[in-house]
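All remarks here apply to the structure that follows.
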Amino acid sequence: MKGIVFTEFLELVEDKFGLEMVDNIISSSDLESGGAYTAVGTYSFSEMLQLLQHLSANTGISIDDLLLVYAEHFFGVIEESYPGLLATYKDPIEMISSIENHIHVEVRKIYPDAELPTFVVESKSENDLTVIYKSSRAMHHFGLGLMNKTFEHFNATAKIELEKIKEDGTEVRFVIHKN
Ligand code: HEM
């Protein structure tokens, strides 16, 4: 997992819960990195999982809700860092259906070692999109947060439903309806 995902996460934790919480979740985790991350580095996903688990235990907020809020913050990072990529799109359905064949393809050119999910478009029309999310990291709520913000970015709203295909969340269907 890319370092920028860790640095932005810890900044948000500091913002919302304070530096003590950052120290707390780092010191209660068994981290190969020691909790020192640089934006361009690459770290094990198990480190993110431990940080999320400890933050969840300390705050009573579920990991899914933490990932949702974190993704909404991360979209702002994307808007700042990759404005050109977003400017390719005029419509949220077009953008979300292009993650697999365009957006994450470009991400992989920038970060060859990025750990990205797979999105398979099941059906698509002007206002409806069904995509299957697949990833061993089960970060579907990170995807949901990014999708929410994608609609907001285009001044649109949507109803987005998640259906777990696999109980452990490694395969999830997103049923999206643009209002
Ligand atoms: C992960 C970039 C749009 C879904 C990531 C990562 C980056 C990235 C850098 C982390 C990779 C790693 O840690 O190794 C971008 C950029 C985007 C974009 C630059 C737009 C210009 C989206 C959108 C979605 C999405 C719209 C909506 C579903 C995800 C998910 C992950 C991810 C779910 C977590 C990894 C996993 O589930 O396995 N993306 N992304 N991305 N991205 Fe994107």
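Worth pointing out:
- DSSP loop trypsin sites (Lys or Arg not before Pro) with at most 12 other Cβ within 10 Å excluded, longest remaining stretch of the chain: 1-89
- When only alpha carbons are used to place a centre, segment 1-30 and segment 45-119 end up 17 Å from one another.
- Split the chain at each of the GluC sites (Glu not before Pro) in a DSSP loop with at most 13 other beta carbon atoms within 10 Å, and the longest piece is 33-125.
- Using R0 = 22 Å, the C-beta based FRET efficiency linking Glu167 and Val121 works out to 0.40.
- The length gained on full extension between His73 and Ala39, counted as 0.36 nm times the residue separation minus their Cα-Cα distance, comes to 10.7 nm.
- Among the listed pairs Lys134/Lys166; Lys90/Lys178; Lys90/Lys149; Lys90/Lys124, none has a Cα-Cα separation exceeding 18 Å.
- Taking only alpha carbon atoms, segment 1-91 gives an Rg to Rh ratio of 1.01, where Rh is the Kirkwood radius.
- Between Lys134 and Asp15, the contour length at 0.36 nm per residue exceeds the Cα-Cα span by 39.8 nm.
- Computed over the alpha-carbon atoms, the chain gives an Rg to Rh ratio of 0.96, Rh here being the Kirkwood radius from the mean inverse distance.
- If you plug the beta carbon distance of Lys159 and Ser46 into 1/(1 + (r/R0)^6) with R0 = 35 Å, you get a FRET efficiency near 0.55.
- Gain on full stretching of the segment that runs from Asn24 to His177 - 0.36 nm per residue minus C-alpha separation: 51.0 nm
- Here the calculated FRET efficiency for Ser62 and Ala87, from their Cβ-Cβ distance with R0 = 41 Å, stands at 0.75, rounded to the nearest 0.05.
- Two-decimal log10 I(q)/I(0) for segment 10-58, as the Debye equation yields it once each C-alpha is a single scatterer, q = 0.15, 0.29 Å⁻¹: -0.35, -1.24
Just so you know, all these numbers are worked out from the coordinates, no wet-lab data involved. Remember, it's a predicted structure, so these values are computed and weren't measured experimentally. Positions of Cβ are generated from backbone atoms using ideal geometry, with glycine treated the same way; all protein chains shown enter the neighbour counts.
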